Amino acid sequence: MQSKLPLILLVGPTAVGKTELAIQLAERLNGEIVSADSRLFYRGMDIGTAKPTREERSRVPHHLIDIAEPDEILGLAVFQQKAREAIADIHARGKLPFLVGGTGQYVRAVTEGWKPPEVLPDKRLRNVLEEMKEERGVKWLYAGLNRLDPAAAAKIDPRNYRRTIRALEVIMTTGRKFSEQRRRGESPYQLITVGLRRPREELYRRVDERIESMFANGLVEEVRGLLAKGYSPTLPAMSAIGYRECVGVVQGLLTEEQAKVQIRRATRVYVRRQANWFKESDASIQWFRVEEGVVEEIEKNVRRLVDF
């Protein structure tokens with residue numbers, strides 16, 4: 001039986017340092033990076049997503065960055081196909097692929113063959129849920145999902161009403177919890193999962209510094225430019241943390257300081273939600289504290305496990 005080809009999965013909370021560490025590892029291990037962060041798909045959304053810079057991307061090839069316009073919706077199945085094609089191409093050229101995430105469900109779709117429940121969209125039901133969202137608000141809709149399926153709600157951003165509506169649609173159509181209908185298969189890769197961590201206080205400090213840097217580097221201007229191009233503030237891409245708040249700044253509903261406070265709060269919630277996808281108690285993940293010498297430590301560990 002043919003042995004599986006290796007895939008290095010690099011996970012960890014936002015602002016932990018995945019971007020730079022992934023680049024250093026790929027440089028040392030003849031690798032290329034495949035992004036599993038859904039926020040990096042969109043062209044023109046650079047500052048608020050902490051997208052790798054052109055200089056960083058020139059050091060190591062990156063895949064699945066800037067592959068869609070902000071008004072396009074890149075579904076899970078499409079991403080899964082594109083990611084696996086990119087990984088196969090990297091393998092074919094004798095290089096080592098690094099999948100860097102990111103978005104939990106996108107990572108699982110690639111590494112575990114995870115697929116959403118096979119329930120066709122119900123246009124009538126979806127319209128009803130959309131109307132309820134308009135009448136009672138996104139928070140009310142999310143609270144309903146949390147009552148019906150807390151496990152599913154824990155892995156969905158409360159502001160991501162499209163995923164909330166889809167989960168409710170599946171529950172109401174099948175009568176079963178959305179979280180119990182995910183199908184997972186055996187990984188098609190020799191999967192080596194590396195988790196990065198920092199003490200929570202240090203992580204939050206880095207988050208705060210990143211937010212200040214984003215505003216200093218022109219995040220509000222980036223959002224103003226997107227709106228000027230005709231992109232609606234209600235687009236799913238524009239609901240990403242940082243963009244929604246800056247839309248409020250552009251529209252005169254928030255000051256920059258108020259937006260920063262809201263972004264800090266939302267990012268802390270996001271960090272905790274990321275931990276629901278990749279737990280430090282998960283024995284399949286090798287966790288490393290980001291500190292001096294960690295790159296060498298991870299490199300040594302990968303070389304021990306991967307024959308290349």
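Which condition from (1) exposed (fewer than 15 other Cβ atoms within 10 Å of the Cβ); (2) modelled with pLDDT of 95 or more; (3) in a helix (DSSP H, G or I) is the one that residue 295 breaks?
That leaves (1) as the condition not met.
Looking only at residues in the stretch 18-64 that are among the aliphatic types (A, V, I, L, M) and either under 13 Å from the mean Cα position of the chain (by Cα) or assigned by TED's automatic domain parsing to the domain that holds residue 160 (or both), which one is nearest to residue 218 (Cα to Cα)? I'd like the intermediate steps shown before the answer.
Narrowing the stretch 18-64 to residues among the aliphatic types (A, V, I, L, M): 21-23, 25-26, 29, 33-34, 36, 40, 45, 47, 50, 60, 64.
Subset that is either under 13 Å from the mean Cα position of the chain (by Cα) or assigned by TED's automatic domain parsing to the domain that holds residue 160 (or both): 34, 36, 40, 50, 64.
Numbers: 34: 27, 36: 25, 40: 17, 50: 12, 64: 24 Å.
Step by step, filter the stretch 18-64, then rank; the result is 50.
Which is without any contact (Cβ under 8 Å) to a residue 24 or more places away in the chain and among the small types (Gly, Ala, Ser), of 38, 58, 3?
Criteria check complete, one pass: 58.
With the condition being aromatic (Phe, Trp, Tyr), I'd like the strands (runs of 3 or more DSSP E) fully within the stretch 1-111 carrying at least 1 qualifying residues. Reasoning before the result, please.
Details: elements: 6-11, 31-35, 96-100.
In the stretch 1-111, 96-100 are the strands (runs of 3 or more DSSP E) which contain 1 or more residues that are aromatic (Phe, Trp, Tyr).
Six or more apart or on different chains, Cβ under 6 Å: which pairs go from a residue in the stretch 272-293 that's farther than 19 Å from residue 21 by Cβ to one that's assigned to a strand (DSSP E or B) and at pLDDT below 95? Could you list them?
Close Cβ pairs satisfying both conditions: none exist.
Residue 276 fails exactly one of the following numbered conditions: (1) closer than 23 Å to residue 213 by Cα; (2) modelled with pLDDT under 90; (3) of a type in the set (S, T, N, Q). What is the number of that condition?
Failing condition for residue 276: (1).
Could you tell me how many of the residues in the stretch 161-172 are among the hydroxyl-bearing types (Ser, Thr, Tyr) and modelled with pLDDT of 85 or more?
Residues meeting the conditions: 1.
Considering the stretch 137-159 alone, what residues qualify as being assigned to a loop (DSSP other than H, G, I, E, B) and either at pLDDT 80 or above or in contact with a Leu (Cβ under 9 Å, 6 or more places away or on another chain) (or both)? Let's see the steps before the verdict.
Filtering the stretch 137-159 down to residues assigned to a loop (DSSP other than H, G, I, E, B) leaves 137, 149, 155-159.
Matches in the stretch 137-159: 137, 149, 156, 158.
Taking the stretch 195-215, which residues are under 14 Å from residue 47 (Cα atoms) and of a type in the set (Gly, Ala, Ser)?
213
Any residue at all in the stretch 65-79 that's at positive phi and either more than 16 Å from the chain's Cα centre (by Cα) or touching a residue at least 24 places away in the same chain (Cβ under 8 Å) (or both)?
Checked the stretch 65-79: at least one residue is at positive phi and either more than 16 Å from the chain's Cα centre (by Cα) or touching a residue at least 24 places away in the same chain (Cβ under 8 Å) (or both).
Tally time: how many residues in the stretch 114-136 are surrounded by 17 or more Cβ atoms within 10 Å (Cβ to Cβ) and in a helix (DSSP H, G or I)? Reasoning before the result, please.
To start, the set of residues in the stretch 114-136 that are surrounded by 17 or more Cβ atoms within 10 Å (Cβ to Cβ) comprises 114, 116-117, 129, 133.
Adding the requirement that they be in a helix (DSSP H, G or I) leaves 129, 133.
Of the residues in that region, 2 qualify.
Consider residue 94 carefully, then state whether it is modelled with pLDDT of 90 or more, surrounded by fewer than 17 Cβ atoms within 10 Å (Cβ to Cβ) and not charged (D, E, K, R).
The answer is yes for residue 94.
The values are calculated or read from the model by the stated rules, or taken from the named source; none is laboratory data. Since the model is a prediction, treat every value here as computed from it, not as a measurement. Please note: Cβ atoms are built from the backbone with ideal geometry, for glycine as well, and neighbour counts cover all protein chains shown.
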